[in-house]
Amino acid sequence: MRLRVPVVCLFCIAPFLLRAGVEEKQTIRKTLPALQRVEVNNIWGSIRVSGYDGGEVQMSAIETIRADSPSKLAEAKRDVKIDISQQDGNTRFYVDGPFRDHCKDGSHNVHWDGDPGYTVKYEFEIKVPRHTAYDLRTVNEGDIHVEGVTGDFSVHNVNGSIEMRSVAGSGAARTVNGPVTVLFTANPRSASTF
């Protein structure tokens with residue numbers, strides 16, 4: 001009997017070890033001149049934005065790719081990117097990949113057609129001038145934190161919390177599954193929703 005227990009446990013563990021997959025991390029950094037608004041549109045991962053007295057947008061993102069196999073890792077690296085752009089007074093950090101629908105009306109919906117065999121997670125850390133307006137969005141495995149920014153805001157999460165401290169401005173902060181905490185340094189300038 002004692003000899004069978006290790007053999008049975010080995011067969012139970014072996015399939016899990018075979019599916020453990022691969023993981024790769026890198027840090028992406030970008031510094032841009034500050035404009036009026038910053039937009040971060042993420043899918044997997046958190047967003048942290050802090051205000052400072054400088055004149056640039058400083059972005060750092062830790063990219064973590066988890067894949068079922070080396071070939072799926074290569075597929076994720078090829079297909080999922082952060083699109084970084086500046087136009088019309090907006091600095092944009094947009095996570096793009098095959099899970100996005102690029103609609104004719106300009107909207108960008110998210111869809112999942114089964115398991116692609118990988119997950120690409122971005123943990124954003126962004127410093128902006130204090131007066132910057134911001135539009136922040138994420139969906140899974142991430143919270144949104146804002147501190148010391150006084151511009152107007154649009155903050156949306158699906159499966160995580162929103163925490164905004166020492167903020168001003170007005171706008172909307174909404175999440176589906178998580179708490180919303182907002183601490184203002186001054187009353188909102190116009191109607192706001194939470």
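How much length is gained on full extension from Asp53 to Asn177, taking 0.36 nm per residue of separation minus their Cα-Cα distance?
Roughly 41.3 nm would be gained on extension.
Amide H to amide H under 5 Å from Gly169: which residues, 5+ apart in sequence or cross-chain, H placed 1.01 Å off N in plane?
Arg189
Please sort 181-194, 51-64 by packing, taking for each peptide the average over its residues of neighbouring beta carbons within 10 angstrom, highest first. The partial results should precede the final answer.
Numbers: 181-194: 11.5, 51-64: 16.1.
Ranking the peptides 181-194, 51-64 by packing returns 51-64, 181-194.
Please list 38-44, 125-131, 172-178 highest first by mean number of surrounding beta-carbon atoms within 10 Å per residue.
38-44, 125-131, 172-178
Among all the lysines, which ones have a C-alpha under 30 Å from Lys25's C-alpha, if same-chain residues fewer than 8 places away are not counted?
Qualifying lysines at Cα under 30 Å: Lys72, Lys77, Lys81, Lys121, Lys127.
Read the figures in this text as sums done on the coordinates, not as results from a lab. Treat the numbers as computed from the prediction; the structure is a model and nothing was measured. Neighbour counts run over all protein chains shown; Cβ positions are idealised from the backbone, glycine included.
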